[in-house]
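Structure record follows, encoded as C-alpha cells.
The values are calculated or read from the model by the stated rules, or taken from the named source; none is laboratory data. The structure displayed is predicted, hence computed values, not measured ones. Here the Cβ is made from the backbone with ideal geometry for all residues, glycine too, and neighbour counts use every protein chain on show.
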Amino acid sequence: MYRPRDHRIVAGVAAGLARHLGLPVLAVRIALVVLLGFNALGLLLYAAYWAVLPQEARGDEEPARRDLSALAPFAAIGLGVVLLQALVFDDQVATTAGWMIAVIAVGTGVIWHQSDPSRREASADYNIASTPWLAAIVSENDRRSFILRFIGGGILVAIGLIGVVAVYAPDNSISAVFNGVIFAFVGLAGVGVVVAPLLWRTFGQLRAEREGRIREQERAELAAMIHDQVLHTLALIQRNSTDIKEVQRLARGQERSLRNWLYKPTASPTERFAAALEQAAAEVEDTYAITVETVVVGDTQCDDRVAALVAAAREALVNAARHAGVQTVSLYAEVEEDELSVFVRDRGAGFELDGVAETRHGVRGSIIGRMQRHGGRAEIRSAPGDGTEVRLMLPVSRESVTTGKEHAR
Amino acid sequence: MTEPMVEPSEAARRLTVFLVDDHAMFRAGVRAELGAHVEVVGEASSVAEAISRIGAIRPDVVLLDVHMPDGGGRAVLESIRRTHPQVKFLALSVSDAAEDVIGLIRAGARGYVTKTISPDELAAAVRRVADGDAVFSPRLAGFVLDAFASRPDVPVADPELDQLTNREREVLRLLARGYAYKEIAKELFISIKTVETHVSNVLRKLQMSNRYELSRWAADRRLV
C-alpha cells in the first residue's frame, strides 16, 4: 500500500486507498468528504494515512504537477467544513466553529505540506527560476522561509483551536480563553510530535545538501586551477617543444605553483620572511629561466630591515642568474635568535670584486650599501672559475645592531 | 657469505642498483642515466613486487620512491631491513610532504634526494650510500637544522642523541647552502673523511633520536 505520485489531488492518500481496496477513487474521496462532517473525521483519517503510507517509488517520468497547487485542496476542505456546518446545523455558534475548523485545516495543511521531505525533492526538480516570486515563496532550500511558514501554519492552528474553544464555551469568560490557549498548545504539540521526524529529516537533507555544495565548490576550484594552469602550461609546452629553455621555464613555474597549491600554507610575502624570499626566488626563476634551490630554516615577521635583506638577496640572485652562466643557484636562509642570514651561491663564472667598476651599482649599491644602511653586512666571495657566494647578515635584536662592516675578498 | 678469496673481484664489481617507482617512464629515465655508472639489476612498480624481488636479487642499493599506490616506500624499507639489513636505501622523491620523507629517513633510509637531481649527482649519491655514507639534499639538511634547533617545547630524552654538535651544525649549514663534501672540507679545514663522519653521525641521530615529535612537527611546518 502506498501513495501514488500521479492521479492525486492532495497527497495521493485517496488514490492509494482506492487502489488498495479496489474501489473507484471518486468513492473514496466522497467518503472522506462526508466523514469530514463528523467532527472532521475525514481530515484526521486523511492526515493519519498521509503520515503512515510511504510514497510510491519515483519512475523515470517527470512529476506531473506543480507542487504549490496541492495547497488549494486544504483551502477547499476548510471551506467544505464551513459550508457543511452552516447547512446541517444552521446555528450561529456552529458556523463560527466551522470557520475556526477551516482555519485549523488550512494551518495544518500548510505545516504538512512543508514538512513532507519528498516534496523538497519534487520542488527541486522544477524549473522555478522562470518565476522568481514563486521561487522565493516555494524554494525550500531556504531554511528561514521554511521555519517562517511552519510558524505561520502553527499560528493558524492555534488561533483556530482557541476560537473553537471560545465559541463553545458557555460564556465569554477569561477561563474559557485560558482553556482555549491550553488546547491550542496541546494541538500544536500534537502536530509537532507528528511532524518532528519529518522536520528532522528535512534539516538533515538541508545539511547534507550544503556540505555537498561546499565539496562541489572545492572540486570546482581545483578543476579551475588545473584548467587555468596545468592544462595551459602543458599546451604551451607542446607548442614550444623545440625551445628547451622555454619548456624548462614553463615546467618550473608550473611545478612551483602546484607545490604551493598542494603543500604550502599561504603566507603573505609582505608579512613573512620565508614567503618574501620564496617569492623573490620565484620571480628570478621566471625571469631568467634558472632554478633557485631555496631552503629557509625558521621564519620571522617582515619589517623594513627584513625587506631590505630580501631585496639584497634578490639582487644577488639576479646577478647570479645574469652573470654566472649556470642553471642552478642555491639560496639558503636561516633565522637565528639574534641574526638573520642569507646565502646565495652559484658554481658559475665568478669574478674579481676589485675588478668591478665603481660605476656599477649592482653589487656595491644594491647589495653591500643596502645591507649597511640597514645595520647589516654583506660579504662576497668570488674567484674566477670558482663561482660566487654572497653572504648577507642582519642582526635582529636591538643591542646587537651595530654599524655594518664591509667584507670583500 | 663473503669468502676472503673473492675480495679483489668484489671490489672491482660494479654496484648493483634496484629501482622502485610506480612510474615506468621515470624508471626508464633513471635506468638510462645510471647505466653508465652502475648496474641496474631490477625494477619494481609496486610494494609487493619490490619486496619479493629485492629479497631475491639482493642489490647493493635500492632507489626508493616515497609515494606508491599500495603503501609507499616505507613499507618496502621496513620489510627488507628485517630480512636483509645489508641492503641500503636511498629515497628518491618528488614529494614535498615532510612526513613521508622524514618517515623514510627515520625508518632507515641512508639519504634523500629529489627527482630533479642531475644524473651525475645521483650516481655519486648512490655510490656514497653504497659506501655506508649518508646523503643529504640541501632541503633535507635544512629540515634537520630546523628540527634540531634548540626548542624548549620538545622533550629531550637523550642529550647525546637529541642534540647536534656545533661542528655537525656547521656541516649541515654548508650542505644546505649547496656545498659539496669537498668544498665543506676546504671551508672548515677538515678532511673529506671527517665531513662524511659528521654527516653519518647526523643521520644516525636523526634515525635514533627520541624526538617523537620530529615527524609530526616537520609535517606541520611543511619543511621538506
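Collect the residues in the stretch B:186-196 that are under 18 Å from A:Ser330 (Cβ atoms), more than 14 Å from chain A (Cβ to nearest Cβ) and either touching an Asp or Glu at 6+ places or on another chain (Cβ under 9 Å) or not in a helix (DSSP H, G or I) (or both), keeping them in residue-number order. Break it down stepwise before answering.
First pass over the stretch B:186-196, keeping only residues under 18 Å from A:Ser330 (Cβ atoms): B:186-188, B:195.
Now restrict to residues that are more than 14 Å from chain A (Cβ to nearest Cβ): B:188, B:195.
Once the filter is applied, which keeps residues that are under 18 Å from A:Ser330 (Cβ atoms), more than 14 Å from chain A (Cβ to nearest Cβ) and either touching an Asp or Glu at 6+ places or on another chain (Cβ under 9 Å) or not in a helix (DSSP H, G or I) (or both), the stretch B:186-196 yields only B:Leu188.
How many of the residues making up the stretch A:317-343 are closer than 13 Å to A:Met393 by Cα and among the small types (Gly, Ala, Ser)?
Our first condition is that a residue be closer than 13 Å to A:Met393 by Cα; within the stretch A:317-343, this holds for A:332-343.
If we keep only those that are among the small types (Gly, Ala, Ser) as well, we get A:333, A:341.
Result for the stretch A:317-343: 2.
Please state which of the following conditions A:Val310 fails to meet, knowing it meets all the rest: (1) touching a Gly at 6+ places or on another chain (Cβ under 7 Å); (2) buried (at least 16 other Cβ atoms within 10 Å of the Cβ); (3) assigned to a helix (DSSP H, G or I).
(1)
Hey, A:His323 hits all of (1) out of contact with any Lys or Arg (no Cβ under 8 Å at 6 or more places or on another chain); (2) surrounded by fewer than 20 Cβ atoms within 10 Å (Cβ to Cβ); (3) within 13 Å of chain B (Cβ to nearest Cβ) but one; which does it fall short on?
Just one mismatch for A:His323, condition (3).
Those residues that are modelled with pLDDT under 85, surrounded by 12 or more Cβ atoms within 10 Å (Cβ to Cβ) and within 14 Å of another protein chain (Cβ to nearest Cβ), I need them from the stretch A:255-282; list them, please.
A:Glu255, A:Arg256, A:Ser257, A:Leu258, A:Arg259, A:Asn260, A:Trp261, A:Tyr263, A:Lys264, A:Ala267
Keeping to the stretch A:235-245, report how many residues are in contact with a helix residue (DSSP H, G or I) (Cβ under 8 Å, 6 or more places away or on another chain) and surrounded by 12 or more Cβ atoms within 10 Å (Cβ to Cβ).
Narrowing the stretch A:235-245 to residues in contact with a helix residue (DSSP H, G or I) (Cβ under 8 Å, 6 or more places away or on another chain): A:236-237, A:240-241.
Those still in the list that are surrounded by 12 or more Cβ atoms within 10 Å (Cβ to Cβ) too: A:236-237, A:240.
The number of residues fulfilling the criteria is 3.
Exactly one condition in (1) over 11 Å from the mean Cα position of the chain (by Cα); (2) within 14 Å of another protein chain (Cβ to nearest Cβ) is not met by B:Phe136; state its number.
(1)
Could you list all residues from the stretch B:175-185 that are at the interface with another protein chain (Cβ under 9 Å from one of its Cβ atoms), in a helix (DSSP H, G or I) and of a type in the set (Lys, Arg)?
Scanning the stretch B:175-185 gives no hits.
Six or more apart or on different chains, Cβ atoms under 9 Å: show the pairs whose first residue is in the stretch A:379-398 and more than 20 Å from A:Leu317 (Cβ to Cβ) and whose second is among the hydroxyl-bearing types (Ser, Thr, Tyr) and at pLDDT 85 or above.
Close Cβ pairs satisfying both conditions: A:Val396/A:Thr300.
Restricting to the stretch A:228-254, count the residues that are in a helix (DSSP H, G or I) and either within 14 Å of chain B (Cβ to nearest Cβ) or of a type outside the set (D, E, K, R) (or both).
At the first step, the residues of the stretch A:228-254 found to be in a helix (DSSP H, G or I) are A:228-239, A:244-254.
Applying the additional criterion that residues be either within 14 Å of chain B (Cβ to nearest Cβ) or of a type outside the set (D, E, K, R) (or both) yields A:229-238, A:244, A:247-248, A:250-254.
Looking only at that region, the number is 18.
Please find, within the stretch A:283-303, the residue that is surrounded by the most Cβ atoms within 10 Å (Cβ to Cβ) out of those that are assigned to a helix (DSSP H, G or I) and of a type outside the set (A, V, I, L, M, F, W, C). First the steps, then the outcome.
Our first condition is that a residue be assigned to a helix (DSSP H, G or I); within the stretch A:283-303, this holds for A:283-288.
So of that shortlist, the ones also of a type outside the set (A, V, I, L, M, F, W, C) come out as A:283, A:285-288.
Numbers: A:Glu283: 14, A:Glu285: 22, A:Asp286: 14, A:Thr287: 13, A:Tyr288: 15.
Among those that are assigned to a helix (DSSP H, G or I) and of a type outside the set (A, V, I, L, M, F, W, C), it is A:Glu285.
Residues of the stretch A:182-204 being more than 23 Å from A:Leu45 (Cβ to Cβ) and without any contact (Cβ under 8 Å) to a residue 60 or more places away in the chain, which ones?
Taking the stretch A:182-204 as the starting set, the residues that turn out to be more than 23 Å from A:Leu45 (Cβ to Cβ) are A:182, A:185, A:200-204.
Scanning the stretch A:182-204 gives A:Ile182, A:Phe185, A:Trp200, A:Gly204.
Of the residues in the stretch A:161-220, how many are modelled with pLDDT under 80 and either in a loop (DSSP other than H, G, I, E, B) or out of contact with any Gly (no Cβ under 6 Å at 6 or more places or on another chain) (or both)?
Going residue by residue through the stretch A:161-220, those that are modelled with pLDDT under 80 are A:161-199.
Now narrow it down to the ones that are either in a loop (DSSP other than H, G, I, E, B) or out of contact with any Gly (no Cβ under 6 Å at 6 or more places or on another chain) (or both): A:163-164, A:167-187, A:189-199.
So the answer is 34.
Any residue in the stretch A:289-312 that is of a type in the set (Gly, Ala, Ser), touching a Lys or Arg at 6+ places or on another chain (Cβ under 7 Å) and either under 21 Å from B:Leu172 (Cα atoms) or within 14 Å of chain B (Cβ to nearest Cβ) (or both)? Break it down stepwise before answering.
Of the stretch A:289-312, the ones of a type in the set (Gly, Ala, Ser) are A:289, A:298, A:307-308, A:311-312.
Of the ones still in play, those that are also touching a Lys or Arg at 6+ places or on another chain (Cβ under 7 Å) are A:289, A:308, A:311-312.
Going one step further and asking which of them are either under 21 Å from B:Leu172 (Cα atoms) or within 14 Å of chain B (Cβ to nearest Cβ) (or both), we end up with none.
No, the conditions are met nowhere in the stretch A:289-312.
Considering only residues that are buried (at least 19 other Cβ atoms within 10 Å of the Cβ), within 12 Å of the chain's Cα centre (by Cα) and among the charged types (D, E, K, R), which ones fall in the stretch B:182-208?
Those that are buried (at least 19 other Cβ atoms within 10 Å of the Cβ), within 12 Å of the chain's Cα centre (by Cα) and among the charged types (D, E, K, R): none in the stretch B:182-208.
Listed residues B:Ile105, B:Ile80, B:Ile57; which is under 30 Å from A:Ala274 (Cα atoms), at pLDDT below 90 and either more than 14 Å from chain A (Cβ to nearest Cβ) or within 10 Å of the chain's Cα centre (by Cα) (or both)? I'd like the intermediate steps shown before the answer.
On the way: B:Ile80 fails: under 30 Å from A:Ala274 (Cα atoms); B:Ile57 fails: under 30 Å from A:Ala274 (Cα atoms).
On inspection, the qualifying residue turns out to be B:Ile105.
Do you know which residues across the stretch B:171-215 are modelled with pLDDT of 85 or more and polar (S, T, N, Q)?
Residues satisfying the conditions are B:Ser191, B:Thr194, B:Thr197, B:Ser200, B:Asn201.
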